[in-house]
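Structure first, then comments.
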Amino acid sequence: MSPSRAFAPALVLLLLAALIPVFVTANTVLNFIVFTLIIALAAQGWNLLGGLCGQFSFGHAAFFGSGAYAAALLQARYGVNAWAAFTAAIAFAALVGWIIGYLSFRSGLRGSYFALVTLAFAEVFRILANASAFTGGAAGTLIKLDIRPENFQFASRAAFVWIALALVGFTLLLTTAITRSRLGAWFAAVRENEDAARALGVDTLAVKLKAITLSAGITGAAGALYVQYYLYLDANIAYGSWISIEALIAPIIGGIGTPLGPIVGAVTLHGLGELTKLFAGGIPGIDLVIYGALLVAAIAFAPDGMMGLLQRLGRGKVTPNTTASTTTDAKTTGARTEGAA
Amino acid sequence: MLAVETITKRFGGLIAVNAASLKVNAGSITGLIGPNGAGKTTLFAVIAGFEKASEGRILFAGQDITAEPAHLRAQAGIARTFQIVQPFAGLSVVENIAVGAYLRHPARAEAQGRAREVASLVGLGAMLDQPASSLTVSGRKRLELARALATEPKLLLLDEVLAGLNPSEIRDMIPVIRQIRDQGVTILMVEHVMQAVMSLCEDIHVLAQGRIIAQGTPSEIAGDPAVIEAYLGQGAAKRLQRSAGMGENHA
């Protein structure tokens, strides 16, 4: 695939999304878009580590929360400029990622052990943040309302849509570029078979550390954006398991390891969630039921997510010999599950 | 090129490799044979950096590499294949080989180009875009070889690349291995297929119960009583000699 063809769909999608606030001004819609984009960004971070490099984290809240707290506390406690705090928050989250990665990959943790350790880190952070006076404890931290662009606060929600979109777009391009680079090939090699990767000269520890640092930085950006948008943070928002789950479900539904997967997944999940709330508004937790049902459906019928499903449907249309293409698909999927097992 | 000096590898109380020494000359195809469980694969793992030696040292091109991790040895020019094939199952054939090629060619286009060249060298040229998981046993063995070759090694460690292949596939692979050597790659191979070992190797080391018990040309090895005993049991060499002697008397 030529570079232009690889990047084209992403760019078209971004431009279309950027036009939405021009035509839609309803606050609920813009609110929904910003929130979904924040989740998409957090999920893009997860996808880089989990999807591309095969290291499944169950505690991306550790990075989301670190980014969010860094952004909030630098402003609320030290009066740092919001934009500078935002940048510092990304760096801080990346550093937290590197440290957690160094500790767990250094000791050779893989698979479910790595997942459990990340979960433990996120929980420890949550409890510490909830108890410490520095983070505002259970009362949380407020960022002073002072609506000025130089404070990263805007009167119009459209500005946040564009900023979130720019971050998601940048990460999309970055992920696409990585999948087409040597680093991307090494990520895939580590994901598929670490021993074989080492035999081919891949420094697997360094590769995994790169993945988790980038991943944490991206998810940290999502956290910083979250706090900048809502101007309030407490430990259960920042380090709660809700965001760890959001960050991993979106890519799984959307298409794990594909650059567009986390975005498609986040939009699908939250789109459906909102629609159900609209129609079955009274029933509490109905959107969670939808989550569960979708997850089961995705694992049963579309193990490669929405992106894999779209690709299969697309190929079915193009190829005149449909039966032949379905059998090869079945084979590929079967083999992939085998490989994963 | 490679000098293994009194390498010992212990797993707890078990001595898998016991003070084994061997030399691989530059440009040669050297064989490492021995009965099952002799420690061949363990010795390979120690040479490639996948297991730490308990004692002894390994010199590669004059440098002591005993303490270096596997990926640095690969960068220095040692490539290995795995006895149990380890393909990147989710990737296509060309992507698999490109992971090896990226070691010396950081740019995508170059790495993929190099991967295609190597693929056609080992006879995978027609299967570039197939998923690695769809390959047959012989295809996977070729893929192992191709990936290792794509790292452009000086020394190639082949761990039973012919095992599990049928006779005609073995006949196809032998010239491929010889061609790799002719392009300047030194080869050390563990192999059970004697027909291949005898026709390819100039120098053979025999490992039995963790010790090197013999070393020499294929014909020397074939007549070595210690080797025959290692394979066929104690006293086998004498019995064979006696029966051969009786045969001569009859004639």
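The values are calculated or read from the model by the stated rules, or taken from the named source; none is laboratory data. It should be emphasised that the depicted structure is a prediction, and the values quoted were computed from it without experimental measurement. We place every Cβ from the backbone using ideal geometry, glycine too, and count neighbours over all the protein chains shown. When the accessible area is computed, the model is the full protein with side chains, heavy atoms only, and any ligands, DNA or RNA have been set aside. Shrake-Rupley method; radii C 1.70, N 1.55, O 1.52, S 1.80 Å.
Okay, here's what the table says:
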read-out: Residue satisfying all of: in segment B:65-81; among the charged types (D, E, K, R) and within 9 Å of chain A (Cβ to nearest Cβ); nearest to the chain's Cα centre (by Cα) among these; value: B:Arg80
read-out: Residue match in segment A:208-226 (condition: among the aliphatic types (A, V, I, L, M), touching a Ser or Thr at 6+ places or on another chain (Cβ under 9 Å) and within 13 Å of chain B (Cβ to nearest Cβ)); value: no
read-out: Inter-residue pairs, beta-carbon under 6 Å, first under 27 Å from A:Gly255 (Cβ atoms) and in segment A:47-76, second open to solvent by 10 Å² or more (accessible area, probe 1.4 Å) and at pLDDT below 95, 6+ apart; value: A:Gly51/A:Ile256; A:Gly51/A:Gly257; A:Leu52/A:Gly257
read-out: Residue match in segment A:175-183 (condition: under 24 Å from A:Leu49 (Cβ atoms) and either away from chain B (no Cβ under 14 Å) or out of contact with any helix residue (DSSP H, G or I) (no Cβ under 9 Å at 6 or more places or on another chain) (or both)); value: yes
read-out: Output for segment B:32-55, where each listed residue is among the β-branched types (Val, Ile, Thr) and away from chain A (no Cβ under 14 Å); value: B:Ile33, B:Thr42
read-out: Boolean, B:Gly37 is more than 15 Å from B:Val4 (Cβ to Cβ) and in contact with a Lys or Arg (Cβ under 8 Å, 6 or more places away or on another chain); value: no
read-out: Odd one out for A:Leu119, checked against (1) within 30 Å of A:Glu194 (Cα to Cα); (2) open to solvent by less than 50 Å² (accessible area, probe 1.4 Å); value: (2)
read-out: Number of the condition not met by B:Gly90 [criteria: (1) more than 9 Å from chain A (Cβ to nearest Cβ); (2) closer than 21 Å to A:Phe187 by Cβ]; value: (1)
read-out: Residue count, segment A:279-293 (criterion: more than 15 Å from A:Thr36 (Cβ to Cβ) and not in a loop (DSSP other than H, G, I, E, B)); value: 6
read-out: The one condition in (1) hydrophobic (A, V, I, L, M, F, W, C); (2) surrounded by 20 or more Cβ atoms within 10 Å (Cβ to Cβ); (3) part of a loop (DSSP other than H, G, I, E, B) that B:Val118 fails to fulfil; value: (3)
read-out: Strands (runs of 3 or more DSSP E) enclosed by segment B:24-110 - at least 3 residues per element that are open to solvent by 10 Å² or more (accessible area, probe 1.4 Å) and at negative phi; value: B:55-60
